[in-house]
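Report on one structure; see the data block that follows.
The values are calculated or read from the model by the stated rules, or taken from the named source; none is laboratory data. In this text the structure is predicted, and so the values were computed from the model without any measurement. Note that each Cβ is placed from the backbone with ideal geometry, even for glycine, and that neighbours are counted across all protein chains shown. Heads up: the accessible areas ignore ligands, DNA and RNA and are worked out on the full protein's heavy atoms, side chains in. Shrake-Rupley method; radii C 1.70, N 1.55, O 1.52, S 1.80 Å.
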Amino acid sequence: MLVALYNTGKYHLLSVLIFTSWVTLVSACSFGGYTTANNIPVDYFDAFSEGNLRLSCGISCSGRWGWESRELRNLYDRQSWEDLVFLVAKVGHELDQGYYYLGRAAEGLEYYASAEVYYHLALTAEVKCDTPLFNNCNGLDIVQSTGFAMDRLKQLPNNNNR
């Protein structure tokens, strides 16, 4: 079959199409995306601390998210909150796990009102890291962890943003 395709020149065309698709996918993955709740350009950390950072890159960033997933989990485990926020914003993949990471970072940095916003976004995100076919949550149960986090925030005597 491949010999017949090669002899007709269709194999070359197929190779070009596959290569072009791969280059497009790789280049799309290298550009993350985030916006703010009101779409006004600001520094990502200012937007984050105010609860206004929104992840806006869809499926084209899923490869980059996968590539960075170990580092994201390492930053989370080390409680390196500012670095975690930077990497989540840089990749920008709109995913429940990304919003959970933002919520945990906001909580760790004592931006409690913002943490509540990100935890809510984690629970309502359309794209989930745990699907019927794959679990790419790196050992986290996002729904359970988010629920525990929201309960922790409710226990705080004053959970206003700093």
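Here are the numbers for the structure shown:
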| read-out | value |
| --- | --- |
| Rounded if a/c under 1.5, otherwise prolate or oblate - the range 71-138, Cα gyration tensor axes | oblate |
| Local net charge near Arg152, Cβ-Cβ under 13 Å (Lys/Arg +1, Asp/Glu -1) | -2 |
| 1.4 Å probe accessible area per residue over the range 85-162, in Å² | 52 Å² |
| Local electrostatic count, Glu68, Cβ distance below 13 Å [Lys/Arg +1, Asp/Glu -1] | +2 |
| Per-residue ³J(HN,Hα) for the range 105-115, Karplus 6.51 cos²θ - 1.76 cosθ + 1.60, θ = phi - 60°, Hz, x for Gly and Pro | 5, 4, 4, x, 8, 6, 9, 5, 5, 5, 4 |
| Gained length - Asn135 relative to Asn74, 0.36 nm times residue gap less alpha-carbon distance | 20.2 nm |
| Proximal charge balance of Glu126 [Cβ under 9 Å; K/R count +1, D/E count -1] | -1 |
